[in-house]
Amino acid sequence: MINDLYWVYITCDPRADNRLQAALAPDLSRMLRDSAHRPVIYYRQFPITLDAVAHKLLLGSLEKETLNHLIRSVNPAMTDLREEFEMK
């Protein structure tokens, strides 16, 4: 079931000079609610909490250039991926 997954996601805040922020949510609805005013430009699902926490910590430790490269590898246009979930 999709709600049993943990979500690690990155948002971009256009009001704060496009600052990137990595976050963790225990379910999809929380991820969408918590990021309501910022585009979600990267996400990854994890079935195990520890794996999700480790990935979030990894993202937080990356340099901005490396983080941007990772994001662009899955989302080249850096579009808001929340639309993918709103269509379902």
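Taking the Cβ of ARG72 as the center, what net charge do the other residues with Cβ under 13 Å away carry, scoring Lys and Arg +1 and Asp and Glu -1?
Cβ neighbours under 13 Å give a net charge of 0.
Could you pull out the GluC sites (Glu not before Pro) across the chain that fall in loop regions by DSSP (anything but H, G, I, E, B) with no more than 15 other Cβ atoms inside 10 Å?
GLU63
If you build a Gaussian network model of the chain, linking Cα atoms that sit under 10 Å apart, which residue out of VAL74, VAL40, VAL53 swings the most?
VAL74
In whole Hz, with x marking every Gly and Pro, tabulate ³J(HN,Hα) for the stretch 61-78 from phi via Karplus 6.51 cos²θ - 1.76 cosθ + 1.60, θ = phi - 60°.
Result, ordered by residue: 8, 6, 5, 4, 4, 5, 4, 4, 5, 4, 4, 5, 5, 10, 9, x, 8, 6 Hz.
For ALA54 and ASP13, FRET efficiency with R0 = 25 Å and r from the beta-carbon atoms, rounded to 0.05?
FRET efficiency, ASP13 to ALA54: 0.55.
Quick check on the chain: take the gyration tensor over C-alpha atoms, sort the square-rooted eigenvalues as a ≥ b ≥ c, and tell me if it's rounded (a/c under 1.5), prolate or oblate.
Since a/c reaches 1.5 but b/c is at least a/b, the shape of the chain is classed as oblate.
Read phi for every residue in the stretch 5-11 and hand back ³J(HN,Hα) as whole Hz from Karplus 6.51 cos²θ - 1.76 cosθ + 1.60, θ = phi - 60°, with x for Gly and Pro.
So the Karplus estimates, Gly and Pro as x, are 8, 9, 10, 10, 9, 10, 10 Hz.
Treat each spin label as a single point 7 Å out from the Cα along the C-beta direction, and report the LEU28 to MET78 distance in nm.
Calculated label separation equals 2.7 nm.
Throughout, read-outs are computed from the coordinates displayed, never taken from laboratory work. This one's a predicted model, so the numbers in the text were calculated from it and none came from an experiment. In this analysis, Cβ positions are derived from the backbone assuming ideal geometry, glycine residues included, and neighbour counts consider all displayed protein chains.
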